[in-house]
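Single-structure report; data block below.
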Amino acid sequence: MNFKIFLINLILCWFSYSQNNTILNLDELIDEALENNLELKALNHSIEAAKAKIPQEKSFSNPELTYRLMELPGFNPNKAMWSNIELMQMLPFPGKLSSMGKVAEIESKRLQQNYNEKSVEIIMRVKSAFYELWMAQQNLKLNQTNLELMQQFLQIAQTLYAVGKTSNQDVLRTEVEIARLQKERLTYIEMEQSALAMLGFLLNKNVNEFTGTAYAPDTIIFNPDISKIQEYALRNCSKLRSDSLMVEKEKAMHQIAKLEYFPDFKFGIEYTSSPMTGFRGWSLTATITLPFSPWTLTKANSRVQEAEANISKSKTMYSNERSMLLSKVREYFAKANSLKNQWDIYYKRIIPLAEQSLQVALMNYQTGQTDFLMLLDTYRMLVMEKMELIMTRKKFEQTLAELEKEIGCRDIEEIL
């Protein structure tokens, strides 16, 4: 019976381990987020709505059909002197409808740029959450390694204490360090679950069931040309293209404002009958607006002035966004380059030297050439440097994701 229970527990543990150790592929996560993210779906619906608005803006207003009974004795329709049916249609001055349609088309293009901007933002957020998860899981691995190392320290301290070569204080210090590592492990587990929850949210998955292990390559390749990055950004940054379209939109609005100086027309055809007299006949009606009248000309002039001010404003905003883009690209590039160089120093020089230092300290402690506090300090220095290595890698990847978001690409390799 006990063997069966043990076997069942072993199978459950294996299943849980296999579920929790599903390797998460970053590219696949990004593809899934772009397909399923609810924010992107909402923006896509907005684009569809904007496209459906274009033919509305280009179309004439609804015609008017009027039916009149005149000179009714006692409100009796059968005794009406006149019966009129009239059909009226408003015709804007040529160019007004096409200009309004152009504004609607530009607005739909701006929404598409907003969608593209949100897409690269979602990619950046997925990468950021992915490397938050990676950092938490790397710290968990480091924590487990440190626990095993502390168990080794404990055994050595207990052995030395048993033969009278050290005091019981070394054993107690090791046990305190083990307890501290166990406490830190709880923090890393919480960080892991938070990162998994964020990834699940971005992918529109059940955050309570989403799990897996983040993997990152052991090496960093980052040597792009800053000038090529800036050129790419000026061509592909969705925010900048949206501001450029805003300038076009304001110019189209200026054209509409100038067309307000010209009149609109209304034409109608009317059929009149008189049951009392037997008259049957047709009437034609033509109406013209007078926007150039002295008492309305000021309003037309003000609309043109408003449109001109909006053009200047949109051009200024575009120039400001362009300068800001180049500034951010340079800032993130410098930061990413610095973090990459820091990671190289940690990975190739500091960590190997710190590991050698710990090995020497451990041998010296076993032979009585150094005390336990010196060994513990050497161990803590190595742990700190390894944690800095992990943190530096995470910061680099997140900074690179920020840079890619600003220039409007999914991966910096696209530029290369």
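Considering every residue within segment 175-183, establish whether at least one is of a type outside the set (A, V, I, L, M), surrounded by 17 or more Cβ atoms within 10 Å (Cβ to Cβ), part of a helix (DSSP H, G or I) and out of contact with any strand residue (DSSP E or B) (no Cβ under 9 Å at 6 or more places or on another chain). Within segment 175-183 (the criterion being of a type outside the set (A, V, I, L, M), surrounded by 17 or more Cβ atoms within 10 Å (Cβ to Cβ), part of a helix (DSSP H, G or I) and out of contact with any strand residue (DSSP E or B) (no Cβ under 9 Å at 6 or more places or on another chain)), the answer is yes, since at least one residue qualifies. Among the residues of segment 238-274, those that are basic (Lys, Arg) and farther than 22 Å from ASN320 by Cα comprise LYS258, LYS266. Consider segment 271-327 and keep the residues that are of a type in the set (Gly, Ala, Ser) and closer than 30 Å to MET81 by Cα. The one that is modelled with the lowest pLDDT is GLY278.
Scanning segment 200-234 for residues that are touching a helix residue (DSSP H, G or I) at 6+ places or on another chain (Cβ under 7 Å), within 15 Å of LEU400 (Cβ to Cβ) and not aliphatic (A, V, I, L, M) turns up PHE222, PRO224, TYR232.
Taking segment 1-119 as the region of interest, the helices (runs of 4 or more DSSP H) fully inside it that hold 2 or more residues being surrounded by 15 or more Cβ atoms within 10 Å (Cβ to Cβ) and modelled with pLDDT of 85 or more are 26-36, 38-58.
Restricting attention to segment 239-281, the residues that are among the small types (Gly, Ala, Ser) and either part of a loop (DSSP other than H, G, I, E, B) or in contact with a Ser or Thr (Cβ under 8 Å, 6 or more places away or on another chain) (or both) total 6. The residue pairs whose first member lies in segment 220-236 and is farther than 15 Å from CYS409 by Cα, whose second member is in a helix (DSSP H, G or I) and acidic (Asp, Glu), and whose beta carbons are closer than 8 Å, counting only pairs six or more residues apart or on different chains, are ILE220/ASP344.
The values are calculated or read from the model by the stated rules, or taken from the named source; none is laboratory data. This one's a predicted model, so the numbers in the text were calculated from it and none came from an experiment. Don't worry about glycine lacking a Cβ; one is built from the backbone with ideal geometry, like all the others, and counts go over all protein chains shown.
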